[in-house]
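Okay, so here's the structure we're looking at.
The values are calculated or read from the model by the stated rules, or taken from the named source; none is laboratory data. Everything quoted here is computed from the prediction, not taken from an experiment. No Cβ is skipped: glycine too gets one built from the backbone with ideal geometry, and neighbour counts run over all protein chains shown. What goes into the accessible areas is simple: the full protein's heavy atoms, side chains included, and nothing from ligands, DNA or RNA. Shrake-Rupley method; radii C 1.70, N 1.55, O 1.52, S 1.80 Å.
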Amino acid sequence: MEIKIEAVQIAESFNMKKFRADFRAEAHSGSTSEVFYALKENQRYLYIFDYGVVVFANYDAVAKSEFVNFIKNYATTLVDLDLSEEYRIETDETLQKVIVKNNYVTVSQIDSSLMRIVMLNIAQSVALEYYELLTDDLITSSKHYILELEKRGKLSISKTNLLKYIGKVLNVKNSIVDNLYILDDPNLVWDNEELNLLNRHLKANFDINTRFKDLDYRLQIVENNLTLFTDVLNVRESSRLEWVVIILIALEIAIALFFH
């Protein structure tokens, strides 16, 4: 038996409360941030996360497309980056322990708990890729201003546009930080040693912890750049105010001398 799994980054986030109220199927498990469905009548599994990722298991192209079109109604901002990851689960009843490979995992039998762990790790991997791209974009866009500071010693960007850029950086950074809980392990792994072992192997396979550390490092670079730009803006505004004060004093002196 083989089950094909695909995780797709569809949006920045989903309105989970509204989706769960409208979606007819009965949830196997879930919370305010995620919901897992085991649709046993057609041997399908579905995992939706509020950070905009949907994971399909045993879905054909038509069924997947139909659901994607449906859940887009609950998306805040759609992501058009073609971010997805495929994986598969194979079964071997004679197997004594789980075997985790780059593109598949082999297990002795499949149940809903095992499906949740595999699908969760694939979702985390896709979400991390999305956040990596966002962070790379922020670092790349800041290089122009850093080079300008190096060559000219000042920024030519207007105060309004600089504030807009700072706002964009803060918005993306906060979005990433708000969703870093995705790396938390589900409670069910603490009660089952086999699931715990599977979860650890999958995390190692997808480099989840390593990629998180790298993402955290790049977020620190973004924050340092943001602090630099804010300081430059403050210095520029302070200098402008000083010139205003100097001009006003000069005018006051000139007026006093004229009337004297």
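Note on region 79-171: Cα-only Rg and Dmax are 22.4, 69 Å. Considering all different alpha carbon pairs of region 1-138, the Kirkwood hydrodynamic radius works out to 15.5 Å. Looking only at 122, 48, 89, which one moves most when the chain is put into a Gaussian network model with springs between Cα atoms under 10 Å? The residue that fluctuates most here is 89.
Among the trypsin sites (Lys or Arg not before Pro) in region 146-230, which ones are in a DSSP loop with at most 16 other Cβ atoms within 10 Å of the Cβ? Mind listing them?
154
Roughly speaking, to the nearest percent, how much of region 1-66's 1.4 Å accessible area is carbon and sulfur? Taking all protein chains in place, region 1-66 shows 46 percent carbon and sulfur surface. Of 168/203; 17/64; 4/40; 17/173; 18/40; 4/64, which sit over 19 Å apart, Cα to Cα? Beyond 19 Å between Cα atoms: 168/203; 17/64; 17/173; 18/40.
Among 27, 63, 123, the largest mean-square fluctuation in a Gaussian network model of the chain, built with springs joining Cα atoms closer than 10 Å, belongs to 63. Put a dot 7 Å past the Cα of residue 41, heading toward its Cβ, do the same for residue 82, and the two dots end up 3.6 nm apart.
Residues whose amide H comes within less than 5 Å of that of residue 44, counting only those at least five positions distant or on another chain, are 39 (H built at 1.01 Å from N in the peptide plane).
Along the chain, the longest continuous region that contains none of the GluC sites (Glu not before Pro) in a DSSP loop with at most 12 other C-beta atoms within 10 Å is 94-260.
The distance from the alpha carbon centre of region 133-208 to that of region 1-23 is 22 Å, rounded to a whole number.
Working note: Cα atoms of the chain, range along each principal axis, descending, whole Å: 104, 37, 32.
Could you tell me whether region 25-71 comes out rounded, prolate or oblate from its Cα gyration tensor? Rule is a ≥ b ≥ c as square roots of the eigenvalues, rounded for a/c under 1.5, then prolate if a/b exceeds b/c, otherwise oblate. Oblate. Each stretch of four or more DSSP H residues adds -39500 (n - 2.57); spread over every residue of the chain, this sum gives -19500 deg cm²/dmol at 222 nm.
Only the Cβ atoms of Lys and Arg (+1) and of Asp and Glu (-1) were treated as charged; on that basis the dipole of the chain about its Cα centre amounts to roughly 860 debye. Potential lengthening of the chain between residue 255 and residue 231 amounts to 5.0 nm, from the contour at 0.36 nm per residue minus the alpha-carbon distance. Candidates 127, 105, 89 compared by Cα position along the dipole of the chain: farthest toward the positive end lies 127, with charges placed on Cβ.
Per residue, the chain exposes 58 Å² of accessible surface when a 1.4 Å probe is rolled over the protein heavy atoms with every protein chain present.
Here the gap between residue 2 and residue 146, fully extended at 0.36 nm per residue and compared with their Cα-Cα distance, gives a gain of 46.7 nm. Under the combined filter of DSSP loop state and at most 13 neighbouring Cβ atoms within 10 Å, region 24-85 retains these trypsin sites (Lys or Arg not before Pro): 24, 40.
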